[in-house]
Amino acid sequence: MGFQTGLSGLNASSRSLDVIGNNIANANTSGMKASRVEFESLVAASSTAGNGTAAGIGVGIAAVTQKFGQGNINVSGRDLDLAINGGGFFQLTNTDGTTVYTRDGSFKLDKVGNLVTNSGAHVMGYPTNLAGVATSTTVEALKLPTSAPIAAKQTGAIIAEFNLDARAPIASSQVPPTPISTYGTSVTAYDSQGVPVPLSLYFSKITPTTPGTDEWAVFDDPNALATASLGSLVFDALGKLDPASTTFTGLTLTPPAPSVVPAFPVTIDVSDVTQYGAGFSVSALSQDGYPPGEFVGLKINATGVISARYSNGEIQAAGQVALADFRNVQGLNPTGGGSWSESNASGPPVQGAAGVGKFGAINAGALEDSNVDVTEELINMMTAQRSYQANAQSIKTQDQVLSTLVNLR
């Protein structure tokens, strides 16, 4: 029996050295989780009579478990490198259609814009609208619009913030009259094809139609007559816009010839325009249109929302990286390549977004290091080596005892 007991110790120690060696070999593998061997004693079935004098018959391997503790977050500076700071796994779909989970976020873009791993597995996530709000609770393979430019957007609204000088006299009272072009600003709008449509606005102080107010006529032509105004801006005694009396709300833009695009209306928000005793100044003038643009890069925020950047300055969301977690992560099956698959022991995955509930935040431009402690593993290796040597010595001793018995005369 002693030979079998010693042999079980050798096998267990050898298995422990295998696990320790694997940990050390993967000390630099992103997302790697260290493993450990858990031993159990073996007792013969015939030795359970309860007399307490039976010896064990060796040692066995109860389990090889993984330590799913957090690894250090190492900044890489690469936009598509993702690290999870907290709970959760990235969900992947392999090329054969199987689903696996990983903590290794070293992702790439393939030639058609799919977000993939080094082995070609697709990274799963949620579709979103352009503002980054998820539009479905069903995950799908993430794909970025890298191949074709985004379409142009026709300008529909302009926001204007400026101050008109309250000290300015009524233009027609001056000799010669104050030119319409004295107070003016400009902005570039876009038609439905993304062609720029220049727009200039000019303001001329006129005799107010309502007593106790100041009034300014609005023009889009510096040579226009007062009767051709686009409307007027009316201010009260505090220099605030009087919306009830103000008649300027927008205009119609005509694309430059030659163009098949028809004229289109544009609203102009002037609610923050003021008339104070200070020089004419424009603090903000923006519009919501843009020309077509090519994909130039991306950013991923802490909740996993992917924002694509385009050459026209637009930033549009293109999906959200999904995370998954399990009630019992120790029940996951290692599948190689730094990934795991679900099992009956792990239970089904719970999916969600980073930073919500028990899911950790996503750090873009970083990777999670292996949680292997090399110093600890080297100490474990020495302990396993000593155990192996001791078990080998027990077999040698048993052999010597039997040899002595055989040689008795």
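Derivation of every value follows stated rules applied to the coordinates shown; laboratory data play no part. Keep in mind the model is a prediction, meaning the values are calculated, not measured. Glycine also receives a Cβ, built like all others from the backbone with ideal geometry; neighbour counts cover every protein chain displayed.
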Summing -39500 (n - 2.57) over every DSSP H run of at least 4 in the chain, dividing by its residue total and rounding to the nearest 500, the 222 nm mean residue ellipticity is -5000 deg cm²/dmol
Nearest-0.05 FRET efficiency for ALA141 and GLN393 at R0 = 35 Å, using Cβ-Cβ distance, is 0.05
The ³J(HN,Hα) series, computed from each phi in the stretch 339-350 with the Karplus coefficients 6.51, -1.76 and 1.60 at θ = phi - 60°, rounded to the nearest Hz and given as x for glycine or proline, is 10, 9, 10, 6, 9, 4, 6, 7, x, x, x, 10
The simple spin-label model distance between SER41 and ALA131, using points 7 Å out along Cα→Cβ, in nm, is 6.6 nm
Here the alpha-carbon Rg of the stretch 157-287 over 2.2 N^0.38 Å rounds to 1.08
At 10 °C and 1.306 mPa s, the Stokes-Einstein diffusion coefficient in µm²/s for the stretch 68-205, with hydrodynamic radius from the Kirkwood sum on alpha carbon pairs, is 77 µm²/s
Per DSSP, the loop-located trypsin sites (Lys or Arg not before Pro) within the stretch 124-192 having at most 14 other beta carbons within 10 Å are ARG167
Expected sort for 159-166, 280-287 on mean C-beta neighbours within 10 Å, highest first, is 159-166, 280-287
Out of PRO262, SER173, THR383 - ranked by how far each Cα lies towards the positive end of the dipole of the chain, with unit charges on the beta-carbon of charged residues - the top one is THR383
In the stretch 59-94, the chymotrypsin sites (Phe, Trp or Tyr not before Pro) that sit in a DSSP loop and have at most 12 other Cβ atoms within 10 Å of their own Cβ are none
Quick calc, the chain, dipole around Cα centre from Cβ unit charges on Lys, Arg (+) and Asp, Glu (-), nearest 20 debye, gives 1520 debye
With label points set 7 Å from each Cα along the Cα-to-Cβ direction at THR210 and MET382, the distance between them in nm comes to 8.9 nm
Distance in nm between LEU238 and ILE61 label points, each 7 Å along Cα→Cβ, equals 8.0 nm
Helix 2-25: inclination vs the chain longest Cα principal axis, degrees, rounded to 10, gives 20 degrees
Between the alpha carbon centres of the stretch 154-171 and the stretch 118-132 the gap in Å comes to 44 Å
Looking only at aspartates and glutamates whose Cα falls under 16 Å of LYS153's and that sit 8 or more positions away or on another chain, we get ASP191, ASP288, GLU294, GLU314
If N is the residue count of the chain, its Cα Rg over 2.2 N^0.38 Å rounds to 1.72
The rounded separation in angstrom of the Cα centers of the stretch 11-38 and the stretch 194-254 is 76 Å
To the nearest 20 debye, the stretch 157-287 has a Cα-centred charge dipole, built from +1 on Lys and Arg Cβ and -1 on Asp and Glu Cβ, of 180 debye
The lysines whose Cα lies under 19 Å from the Cα of LYS299, excluding any fewer than 8 residues away in the same chain, are LYS108, LYS111, LYS143
In cubic angstrom per residue, the convex hull of the stretch 91-156 built on its Cα atoms measures 114 Å³
Under a Gaussian network model of the chain whose springs join Cα atoms within less than 10 Å, the largest fluctuation of ALA131, ALA83, ALA366 belongs to ALA131
Taking the reciprocal of mean 1/r across every pair of different Cα atoms in the stretch 136-195, the Kirkwood radius in Å is 17.2 Å
For the chain, longest principal axis from Cα atoms; helix 374-406 axis from its Cα atoms; angle between them, nearest 10 degrees, is 20 degrees
